[in-house]
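Note sheet for the following structure.
Values in this text are rule-based calculations from the coordinates and carry no lab data. Remember, predicted model here, so these are calculated numbers, not experimental data. Here the Cβ positions follow ideal geometry from the backbone for every residue, glycine too, while neighbour counts run over all protein chains shown.
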Amino acid sequence: GLILSALNGNVVYANPKIGELTSLSSEELRHTSTDSVVNRILINAPERKKIRQKIDNTLAGKKERGVEIPLIIHNKRIYLRLQVFDVIDTQKKTIGRGLIFRDITTDREIDRMKSSLIATVSHELRTPLAAIKGYATTLLAEDVEWDTQSQHEFLTIISDETDRLSALVSSLLDLSRIESGNLTISKTECPIEDIIQRAAKRARLEKENKLEIVLAPNLPPLYADSTRFQTVIRNLLENAVKYAGAKATIRVEVEEEGDNLVFRIKDDGPGIPAEESEQIFQSFYRLDTSLSRVASGAGLGLSICQGLVRAHGGSIWSEPQPKGACIAFSIPAKPPER
């Protein structure tokens, strides 16, 4: 947004973006002061007085002419950067002042994702690597002879942790392909219950988890990339276990709605807060860890699910329910074009 003001502080020009930020018409903006316009913008700022002081210092030329302004609009946080400049005439005489409000929300989100990537990957790599190193060193110790059962136990842990590393690398590669648009989908006809059962076997479910699969009668064929589709189901099942717990009941429902097959994965855990129902599909986003049975996890599962579902021409969303969480997604019920 852009504001041009006279030396007395009255607005001379304000572009439509300023009108959106202040809910004022262009006519109303021309009959107000810059201070009033700034105050209208700051109505949605969480730390209004502190930011107002920084802006005043900037306008007075006491500090560098730039202020970052966080705002909460429609329950979403956005970031603006205010830059101030003098307007001069051909004689290089100052005749007014300009204020530019630039939306830097995307820049901040990229910074957040970079920081999350480094922190998350570092943590997720360190834990299995430490286990692999520890048990391998123990087995190689020359001063101790381990019995066959202990050796098998140690090697099983090393194998499991190696699988964990492999899964993380695969997730990162999938995310990279999705975000770069290089993901290839090869659709074939897939048996619905069979593909759900195969995904469940690959998922890290606990012994006491109960899995229910409910298919509506007379469903049309599912046309999907079998491997990618299993990844979607597996990620959603593992996500349900992570938040609902080791004794949770997880229910997979499939029905036909219009031209789509709709899959719903439900659990009886604490559920998803309404204000976080859209954010959960962001890369590296994780719900409040107090809701999580296990604090580990890269926060990539739902983001990858969203990318894979969209690559199939479908959509994914969170549905509110009285108890627990429900993640639903749709897949077009039509054969691939030849």
Count - residues of segment 221-280 that are on the phi > 0 side of the Ramachandran plot and in contact with a strand residue (DSSP E or B) (Cβ under 7 Å, 6 or more places away or on another chain): 0
Would you mention how many residues in segment 45-76 are assigned to a strand (DSSP E or B) and either touching a strand residue (DSSP E or B) at 6+ places or on another chain (Cβ under 6 Å) or over 30 Å from Glu275 (Cα atoms) (or both)? 6
Test result for Ile178, part of a strand (DSSP E or B) and either out of contact with any Pro (no Cβ under 9 Å at 6 or more places or on another chain) or touching a residue at least 40 places away in the same chain (Cβ under 8 Å) (or both): no
Residue, surrounded by the fewest Cβ atoms within 10 Å (Cβ to Cβ), within segment 26-49, restricted to residues that are of a type in the set (A, V, I, L, M, F, W, C) and farther than 11 Å from Ala14 by Cα: Ile43
Checked against (1) over 26 Å from Asn75 (Cβ atoms); (2) surrounded by fewer than 16 Cβ atoms within 10 Å (Cβ to Cβ), Val12 satisfies every condition except (2)
Okay, strands (runs of 3 or more DSSP E) sitting entirely in segment 202-263 with 2 or more residues that are farther than 20 Å from Gly307 by Cα and more than 23 Å from the chain's Cα centre (by Cα), I get 210-215, 249-257
